[in-house]
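Written out below as structure tokens is the structure these notes cover.
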């Protein structure tokens, strides 16, 4: 691996920035906060580069994930907002587009109300599309524990959304 070699660090930043940023964005809902967490995480990783013992990607992912959890602990948010993508709408009418926007807002609010560990598992599985094995490796936990977190997150989201859409 790197064995503390700081010369290759720039290459690793380039390789892992995008997926780490997407994770931080999904966890925080803010592009600015995600960027800040990513920058601070890379600084921390650089300062502790000699301590890497396993896979760099899993090690730096834990730094970013912990940065997101710390941020979530320190801020109370009423909702999580994602920037709308620049893709043209597939809905035929303005009413359908309005319904889609309202549903997304309700989903964001429900997701923001989940505890950080459930939100993280849900985001990794259903937004980032990671396998349970990959999630377990990155988070240093078991597949069974993650399946339970995702299950509990789905149940909580369903209960929160059923209140409005039942």
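Here the label points at residue 113 and residue 48, each 7 Å from Cα along the C-beta direction, are separated by 3.5 nm in the simple model. So if R0 is 25 Å, what FRET efficiency would residue 158 and residue 22 give, r being the distance between their Cβ atoms, rounded to the nearest 0.05? That pair, residue 158 with residue 22, gives E of 0.50.
The value given for region 94-165 is a Kirkwood hydrodynamic radius of 13.0 Å, derived from the mean inverse Cα-Cα separation. Roughly what would the spin-label model give for residue 58 and residue 73, points 7 Å off Cα along C-beta, in nm? Rounded to a tenth, the inter-label distance reads 2.3 nm. Between residue 145 and residue 10, the modelled label-to-label distance comes to 3.8 nm, taking each label 7 Å out from Cα in the direction of the beta carbon. Annotation: peptides 124-130, 159-165, 22-28, ranked by per-residue average of other Cβ atoms within 10 Å with the highest first, follow the order 22-28, 124-130, 159-165. Evaluated on region 6-74, the Kirkwood hydrodynamic radius is 12.0 Å, with distances taken between all distinct Cα atoms.
Here, each number is a calculation from the coordinates, and none is a lab measurement. All values derive from a computational prediction rather than experimental measurement. Here the Cβ is made from the backbone with ideal geometry for all residues, glycine too, and neighbour counts use every protein chain on show.
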